[in-house]
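The values are calculated or read from the model by the stated rules, or taken from the named source; none is laboratory data. The model shown is predicted, which means the values in this text are computed figures rather than measured ones. With ideal geometry, Cβ positions are generated from the backbone for all residues, glycine too; neighbour counts draw on all protein chains shown. Only protein heavy atoms, including side chains, enter the accessible area calculation; ligands, DNA and RNA are left aside. Shrake-Rupley method; radii C 1.70, N 1.55, O 1.52, S 1.80 Å.
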Amino acid sequence: MNFVVRRTLGALVTLLAISVIIYVVFYVTPGNVAQITCGPRCSPVQVQQVADQLHLDDPLYARYWHFLEGIVAGRDYSTGTAVQHCPAPCLGLSYQSDQQVTRLILAKLPVSLSLVLGAMVLWLVLGVGTGVLSAWRRGRLSERILTGVTLAGTATPVFVIGLILMIVVCGELRLLPFPQYVNLTEDPEQWAWNLLLPWLSLALIEAAAFARLTRASMLETLAEDHIRTFRAYGVGERSVVGRHALRGAFAPVIALNANNVGSAVGGAVLTETLFGLPGIGRELVHAVQVVDLPVVVGMVLVIGFFVVVSNAVADVLYAVADRRVVLA
């Protein structure tokens, strides 16, 4: 319990530090921050209005406090003709589209989560399975073939794999339709069929890293004394590998998976763009292109949140897999 409390407090402190860094990077910069935030089409009156709403004339600590207060308690925004309330967690208002950033992110988040979580299942199954088999068959032809495949997967860009899959599977063989996002609640079967190729494209790249890490961890674990003891007592090789060695080698896999899930929520830009998926990564690229600063800041905060939370969860799972972590 104490371990969970420490990790939770550490995650909260990290999130606070991330918010400070993001605020300083985006809002304490040379140039007219109000003009950048409002957009190029804003009049001088609108720019001054944005400056007042962001408290840009206040000291830095006061400006950051208002920013943090908006996230925690919400805030009001004046759109010129009316006052719009942004409930907590309020990540700002896009003055270019007149949309609350939180609502914009919530509309895109299910797409990114559908992509990442589905791909995660595939990359764990493919990556861990390949790594275990490669370590078990060390020195044989099958191990060399698997090692070469994982190296090729690591070196191949995701858009190349995605294009090949679309050309072969959708174009030549016509086994699947060209991906088009369908909400899970509307048609679960079509949701899965349309996301199968994006899942494979993202999973094949990530699975290569998991295969290499699992192989290295398995080889290290298989060389430990307790594994030799199990073998000396006549425990079957499959039981040694599957029940004992895999559990000891799984802790680094948990940590890598947490990093990948957290960063992929907003980082699967190429996959979302290639397959036309309206997720967070694609929206972040669009916001950067049109210089929609509140949307960029809000999405970077959300991506940072997912990275921190996924790593905190990984620490707890790591402790479950290896009790020595709790005692450290």
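Tabulated results
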| item | result |
| --- | --- |
| Single match in Thr154, Thr185, Thr147 (criterion: under 25 Å from the mean Cα position of the chain (by Cα) and more than 16 Å from Leu270 (Cβ to Cβ)) | Thr185 |
| Residue in segment 208-226 that is out of contact with any Leu (no Cβ under 6 Å at 6 or more places or on another chain), assigned to a loop (DSSP other than H, G, I, E, B) and of a type in the set (A, V, I, L, M, F, W, C) present | yes |
| Failed item, numbered, when Gly248 is tested on (1) under 21 Å from Val121 (Cα atoms); (2) at pLDDT below 80; (3) open to solvent by 60 Å² or more (accessible area, probe 1.4 Å) | (3) |
| Restricting segment 72-124 to residues that are more than 21 Å from the chain's Cα centre (by Cα) and of a type in the set (Val, Ile, Thr), the residue that is surrounded by the most Cβ atoms within 10 Å (Cβ to Cβ) | Thr79 |
| Single condition Val235 does not satisfy, out of (1) assigned to a helix (DSSP H, G or I); (2) more than 27 Å from Gly171 (Cβ to Cβ); (3) over 15 Å from the mean Cα position of the chain (by Cα) | (1) |
| Candidates Gly129, Gly139, Gly162 - the one that is open to solvent by less than 60 Å² (accessible area, probe 1.4 Å), at pLDDT 85 or above, among the small types (Gly, Ala, Ser) and under 30 Å from Glu220 (Cβ atoms) | Gly129 |
| Cβ-Cβ under 7 Å pairs, at least 6 apart or on other chains, segment 95-124 side under 21 Å from Asn183 (Cβ atoms), far side part of a strand (DSSP E or B) and among the hydroxyl-bearing types (Ser, Thr, Tyr) | Leu104/Ser94 |
| Conditions (1) open to solvent by 30 Å² or more (accessible area, probe 1.4 Å); (2) not in a helix (DSSP H, G or I): number failed by Leu277 | (1) |
| Residue match in segment 96-110 (condition: assigned to a strand (DSSP E or B) and farther than 23 Å from Leu256 by Cβ) | yes |
| Count - residues of segment 21-54 that are free of Cβ contacts under 8 Å to residues at least 12 places away in the same chain, open to solvent by less than 60 Å² (accessible area, probe 1.4 Å) and within 20 Å of Val295 (Cβ to Cβ) | 1 |
